[in-house]
Amino acid sequence: MKEIDKINLVKYGIIEEPFDYSFLDEELIEIYESFNKKFEKLYKRKAEQYNLKDCHFIIENSIYSNAFARSKRGYNIIGITQGYIKTMTDIFDKKNFEKLLFIALKSDARTSNSYAELYEMENFEFHTFMFNCSIQFTFGHEFQHILQLNSDRVATKTELNENLTNVKFDLNRHAWEFDADRFGSFEVLKYIHQIKNEFKVNSDDIFKCMLYLGLGSLFLTKLLYYFNVSKSTEVINTKPFYTKENSHPHPITRIFNITEYFKNNIEDLFPNLKIEIQDLLNNSLAILDNYLNSLFPKQKVIKYFFDDWGLYLDEINEYNNVLYDACINDKSIKDLLIKRGINFEN
């Protein structure tokens, strides 16, 4: 965004509390500018694709990790906080993935060899690829909220935040989050296919490994919240399961929806891969397990996930069906599905 545009949008209250990172050290300025360029490029391309006007991206001055979509006086704002940038930079630090290849080598021979080939590819790095997948999801999720806000002419909501809050339950709000998660999941799949083509990957087995890494990146960004993990965390506490509560569906419900939609689109677009849901879960969760074990070597963190997954699987399935029905009965979402050529009856 041009500086004069930002000044005017701040002046008229369209943008609130933008973060000025120009006073930071050169290394930090580079990090913030990198995020700024990534999101602005994605937003510009999508706004043109969907013929949206007055679209702006901002970095907001807040230490809390968050992303948001805002419709205000005809302006479409997507933003992230400085806290989000710090969190993402910490999560996808290269040193956190140093043992990833070792874990991959413990897989079956074909998968192990494919990970090794991927690792040896010039200019391909696991942590950078997974970081970019996570960015694609965050942006896709927020962009779908912008489309929702633009399509719902009677909506009273003007802003949708990513952070879960304890507010009065609204099924439509949960449905919007369900829909935005699916859009973001599909953006990740498209990005993975794009990188596959850029690196001229012709092996289905290597492509599968890229898919595992991509979904693994979403597990990292979503399930770390479920585990309430931060640098100061000493004891893991998971969030009690719920359905019709709070601003967003429960994190484990969201990751189930994301995984299921990711897998369904792989089946539709790449049927020759023949990926089973268990393949996706086993390989992608192994990445999360490796990551968490490096932080909490004395705790079997992933066990908490599997315990809750097994305990609440029926409720998760049932509630995801409720959210799906709510989506296709929400005129805003239904219209968007039709425009995207999606047969929402299936």
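Every number in this text was worked out from the coordinates using simple rules, so none of it is lab data. Fair warning: this is a prediction, and the values are worked out from it, not measured in the lab. All Cβ positions, glycine included, derive from the backbone under ideal geometry; neighbour counts span all protein chains shown.
Report the FRET efficiency, 1/(1 + (r/R0)^6), for E159 and N237, where r is their Cβ-Cβ distance and R0 is 35 Å, rounded to 0.05. Could the numbers behind the result be given before it?
On the way: r = 29 Å, r/R0 = 0.82.
The computed FRET efficiency comes out at 0.75.
Using alpha-carbon pairs under 8 Å, 6+ residues apart, how would you state the relative contact order of region 94-339 in percent?
Numbers: 249 pairs, mean separation 65.8, N = 246.
Taking the mean separation of contacting Cα pairs over the length of region 94-339, I get 27 percent.
Around the Cα centre of the chain, unit charges on the Cβ atoms of Lys, Arg, Asp and Glu (plus for the first two, minus for the last two) sum to a dipole of about 520 debye.
Go ahead and estimate [θ] at 222 nm for the chain from helices alone: -39,500 (n - 2.57) per DSSP H run with n ≥ 4, summed, over the residue count, rounded to 500. Don't jump to the answer; show the numbers that get you there.
Values: 12 runs with 212 residues, N = 346.
Helices in the chain give a 222 nm mean residue ellipticity of -20500 deg cm²/dmol.
Distance distribution P(r), region 170-281, all Cα-Cα pairs, bin width 10 angstrom from 0: 13, 40, 30, 15, 2 percent. Treating r as the C-beta distance of D307 and N265 and R0 as 25 Å, the FRET efficiency rounds to 0.30.
Pairs K222/K244; K41/K196; K168/K222; K44/K244; K274/K334: which exceed 27 Å Cα-Cα?
Working: K222/K244 19 Å; K41/K196 20 Å; K168/K222 22 Å; K44/K244 36 Å; K274/K334 30 Å.
Too far apart for the 27 Å limit: K44/K244; K274/K334.
Take the Cα atoms of region 1-91, build their convex hull, and give its volume per residue in Å³. The partial results should precede the final answer.
Working: hull volume 9.1 nm³, N = 91.
Considering the Cα atoms of region 1-91, their hull volume per residue is 100 Å³.
Evaluating 6.51 cos²θ - 1.76 cosθ + 1.60 at θ = phi - 60° for every residue in region 173-180, the Karplus couplings come out as 5, 4, 5, 5, 5, 4, 5, 5 Hz, glycine and proline recorded as x. Electrostatic bookkeeping for P271 treats Lys and Arg as +1 and Asp and Glu as -1; over the other residues with beta carbon under 14 Å from its beta carbon, the sum is -1.
Would you kindly calculate the mean projected area, averaged across all directions, of the convex hull enclosing the Cα atoms of region 94-339, in square nanometres?
Values: hull surface 55.1 nm².
It is 13.8 nm².
Quick check on region 94-153: what does the Kirkwood estimate of hydrodynamic radius come out to from the alpha carbon pairs, in Å? After inverting the mean inverse Cα-Cα distance, the result is 13.9 Å.
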